[in-house]
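S.K.: One structure follows; several queries about it will come next.
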């Protein structure tokens with residue numbers, strides 16, 4: 001394997017609410033250049049895991065390290081693309097303003113005006129994502145797919161090492177999804193990508209590795225075919241390929257597993 | 001209107017109104033984009049408890065009400081963050097408790113009882129100069145805080161989760177914002193009444209939101225609209241001898257309805273243009 005230390009190290013991570021483990025003993029290393037897709041049923045803890053990595057939640061047990069430091073202290077190392085693109089639609093801001101929010105550093109001087117250079121970077125990022133013409137338009141006037149790209153641009157503008165996306169294609173049509181994954185593939189040449197996704201067929205042809213998550217995690221470093229992934233997730237041959245599939249929603253079955 | 005300004009009380013009323021519209025324009029914009037209208041209503045009404053307390057114990061009004069409103073606001077903020085799903089219920093309960101406490105305390109206060117109406121609709125026509133000064137100072141303080149944290153508030157208002165990932169101290173800023181709303185309410189209630197506070201904090205920003213493309217513009221336009229409504233309402237109240245607070249609210253409400261009408265006209269015109277551009281026969285519609 002690589003001698004380079006991983007960007008994200010997750011060790012024996014548990015997260016529980018209401019006396020139940022939402023996540024149980026998760027171990028995962030994310031290395032530079034990875035394109036990992038997290039799949040799993042609703043309630044399996046996918047979004048929770050992302051929130052823990054982003055530092056929005058605190059783990060109940062175990063550790064997460066981002067470049068050796070705990071999450072939430074990493075500054076601009078992670079770019080985050082949220083799930084909902086229709087969030088706060090009527091907010092008075094242009095697409096460019098939203099992208100510039102990604103360049104905001106709360107530790108920087110309060111009185112510094114946004115430099116022309118930052119604006120140029122923001123415009124370049126928009127152009128790279130193919131939405132340069134949207135820059136001056138209000139976010140409410142954009143389509144879901146365009147807003148999605150604006151949110152990716154917002155995450156990219158601070159030049160992060162890793163992009164974290166939560167079900168990014170939930171509000172994009174089929175054609176848009178293919179374009180979107182092509183875009184991610186392109187971005188993956190420079191960036192590490194960790195995302196949650198539901199569409200297995202597309203995921204299996206773009207992601208480099210897959211993590212099955214249903215309270216416990218099983219990480220498929222590489223997989224031979226999309227068939228294998230589908231089997232792992234849905235089929236009866238679960239035991240050999242991915243033990244996670246057998247775990248039901250109740251905690252006592254986890255104990256049985258151990 | 002000009003001759004009305006010969007009277008000092010009219011000059012003070014106008015000044016108080018202009019001050020209130022600036023404070024409410026800025027804080028109201030934040031309230032509207034952060035969807036805190038109900039919470040602000042709760043703060044405004046529970047501040048009533050503070051007024052009652054001030055009169056019952058004979059404590060100074062400004063200090064007592066400010067502390068009471070701040071405490072109520074911070075409790076509401078804490079509740080709304082820890083139990084997001086039922087925040088509105090708790091706020092509704094505190095809203096009622098605060099108001100009832102205030103009224104009972106006023107009942108228990110011996111001797112002359114202040115007119116409750118003056119706190120609902122304000123007494124803008126009888127604002128003394130001293131109050132104008134304390135209003136300007138407190139309001140100035142709140143505005144300075146808002147502009148000091150402007151960018152953080154902007155990022156947070158659009159997407160709180162993203163702001164937190166960026167390292168913006170979201171929690172602290174949220175409390176700061178709610179605290180500012182509480183101070184705004186106290187500053188403005190005495191002058192324009194708590195019903196007018198909510199109207200001034202919501203109507204101008206919700207009109208401004210539609211025609212502006214940045215939060216700063218929205219604040220500026222809200223301030224302008226607030227001034228327009230207050231001046232118009234005051235003029236009406238003076239000329240036709242009406243309750244000033246109610247007159248101002250109705251002028252603002254008329255503005256709100258007009259803006260909705262204008263929107264419809266704009267939409268219709270846009271559609272006509274679209275139809276023409278796509279060469280669709282107008283009779284087919």
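S.K.: Being touching a residue at least 24 places away in the same chain (Cβ under 8 Å), more than 12 Å from chain B (Cβ to nearest Cβ) and either within 26 Å of residue A:108 (Cβ to Cβ) or not in a loop (DSSP other than H, G, I, E, B) (or both) is the filter here; which residues of region A:58-79 pass it?
M.R.: A:61, A:62, A:63, A:64, A:65, A:67, A:68
S.K.: Please give the number of the condition residue B:35 fails out of (1) within 19 Å of the chain's Cα centre (by Cα); (2) surrounded by 14 or more Cβ atoms within 10 Å (Cβ to Cβ).
M.R.: Every listed condition holds for residue B:35 apart from (2).
S.K.: For the list (1) assigned to a loop (DSSP other than H, G, I, E, B); (2) within 21 Å of the chain's Cα centre (by Cα), I need the number of the one condition that residue B:110 fails.
M.R.: Going through (1) assigned to a loop (DSSP other than H, G, I, E, B); (2) within 21 Å of the chain's Cα centre (by Cα) one by one, residue B:110 breaks only (2).
S.K.: While we're here: Could you grab me the full set of residues in region A:105-131 that are part of a helix (DSSP H, G or I) and more than 24 Å from the chain's Cα centre (by Cα)?
M.R.: A:116, A:117, A:118, A:119, A:120
S.K.: List the number of the failed condition for residue B:172; all other conditions in (1) within 24 Å of residue B:256 (Cα to Cα); (2) without any contact (Cβ under 8 Å) to a residue 12 or more places away in the chain hold.
M.R.: (1)
S.K.: If you don't mind, another one. Is it the case that region B:19-33 has a residue that's more than 28 Å from residue A:88 (Cα to Cα), out of contact with any strand residue (DSSP E or B) (no Cβ under 6 Å at 6 or more places or on another chain) and assigned to a helix (DSSP H, G or I)?
M.R.: So far as region B:19-33 goes, yes, one or more of its residues are more than 28 Å from residue A:88 (Cα to Cα), out of contact with any strand residue (DSSP E or B) (no Cβ under 6 Å at 6 or more places or on another chain) and assigned to a helix (DSSP H, G or I).
S.K.: So which residues in region A:30-57 are assigned to a helix (DSSP H, G or I) and out of contact with any helix residue (DSSP H, G or I) (no Cβ under 6 Å at 6 or more places or on another chain), if there are any at all?
M.R.: Within region A:30-57, the first condition is being assigned to a helix (DSSP H, G or I), and the residues that meet it are A:46-54.
Correct list: A:46, A:47, A:48, A:49, A:50, A:51, A:52, A:53.
S.K.: Just wondering, is there one or more residues in region A:173-185 that are touching a helix residue (DSSP H, G or I) at 6+ places or on another chain (Cβ under 8 Å), outside any helix (DSSP H, G or I) and not assigned by TED's automatic domain parsing to the domain that holds residue A:87?
M.R.: Yes; the residues of region A:173-185 include at least one that is touching a helix residue (DSSP H, G or I) at 6+ places or on another chain (Cβ under 8 Å), outside any helix (DSSP H, G or I) and not assigned by TED's automatic domain parsing to the domain that holds residue A:87.
Per-residue answers, yes or no, for (1) modelled with pLDDT of 85 or more; (2) closer than 13 Å to residue A:215 by Cβ:
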site	(1), (2)
A:1	no, no
A:18	no, no
A:22	no, yes
A:31	yes, no
A:34	yes, no
A:43	no, yes
A:46	yes, yes
A:59	yes, no
A:62	yes, no
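S.K.: How many residues, within region A:28-57, are without any contact (Cβ under 8 Å) to a residue 12 or more places away in the chain and farther than 23 Å from residue B:166 by Cβ?
M.R.: Going through region A:28-57 one residue at a time, the tally reaches 1.
S.K.: Name the single residue that is surrounded by the fewest Cβ atoms within 10 Å (Cβ to Cβ) among those in region B:158-181 being at the interface with chain A (Cβ under 7 Å from one of its Cβ atoms) and in a helix (DSSP H, G or I).
M.R.: B:161
S.K.: Please find, within region B:144-157, the residue that is farthest from residue A:55 (Cα to Cα) out of those that are touching a helix residue (DSSP H, G or I) at 6+ places or on another chain (Cβ under 8 Å) and crowded, with 18+ Cβ neighbours inside 10 Å.
M.R.: That would be B:146.
S.K.: Would you check which residues across region A:80-99 are assigned to a helix (DSSP H, G or I), under 22 Å from the mean Cα position of the chain (by Cα) and either at the interface with chain B (Cβ under 9 Å from one of its Cβ atoms) or surrounded by fewer than 22 Cβ atoms within 10 Å (Cβ to Cβ) (or both) and list them? Walk me through how you get there before you give the answer.
M.R.: First pass over region A:80-99, keeping only residues assigned to a helix (DSSP H, G or I): A:95-99.
Of the ones still in play, those that are also under 22 Å from the mean Cα position of the chain (by Cα) are A:95, A:98-99.
Passing the criteria: only A:98.
S.K.: Which residue out of B:80, B:134, B:118 is under 21 Å from the mean Cα position of the chain (by Cα), buried (at least 19 other Cβ atoms within 10 Å of the Cβ) and either away from chain A (no Cβ under 14 Å) or not in a helix (DSSP H, G or I) (or both)? Full working, then the answer.
M.R.: Details: B:134 fails: buried (at least 19 other Cβ atoms within 10 Å of the Cβ); B:118 fails: buried (at least 19 other Cβ atoms within 10 Å of the Cβ).
Step by step, each of B:80, B:134, B:118 is checked, and only B:80 is under 21 Å from the mean Cα position of the chain (by Cα), buried (at least 19 other Cβ atoms within 10 Å of the Cβ) and either away from chain A (no Cβ under 14 Å) or not in a helix (DSSP H, G or I) (or both).
S.K.: Kindly indicate whether residue B:146 is more than 9 Å from every other protein chain (Cβ to nearest Cβ), touching a residue at least 24 places away in the same chain (Cβ under 8 Å) and closer than 24 Å to residue A:114 by Cβ. Talk me through it step by step, then tell me what you get.
M.R.: On the way: more than 9 Å from every other protein chain (Cβ to nearest Cβ): yes; touching a residue at least 24 places away in the same chain (Cβ under 8 Å): yes; closer than 24 Å to residue A:114 by Cβ: yes.
Criteria met by residue B:146.
S.K.: Output yes when any residue across region B:191-202 is touching a residue at least 60 places away in the same chain (Cβ under 8 Å) and within 14 Å of chain A (Cβ to nearest Cβ), and no when none is.
M.R.: Taking region B:191-202 first, the residues touching a residue at least 60 places away in the same chain (Cβ under 8 Å) are B:191-198, B:200-202.
Filter again for within 14 Å of chain A (Cβ to nearest Cβ), leaving B:202.
So far as region B:191-202 goes, yes, one or more of its residues are touching a residue at least 60 places away in the same chain (Cβ under 8 Å) and within 14 Å of chain A (Cβ to nearest Cβ).
The values are calculated or read from the model by the stated rules, or taken from the named source; none is laboratory data. This one's a predicted model, so the numbers in the text were calculated from it and none came from an experiment. Because the Cβ atoms are built from the backbone with ideal geometry, glycine has one as well, and the counts that use them run over all protein chains shown.
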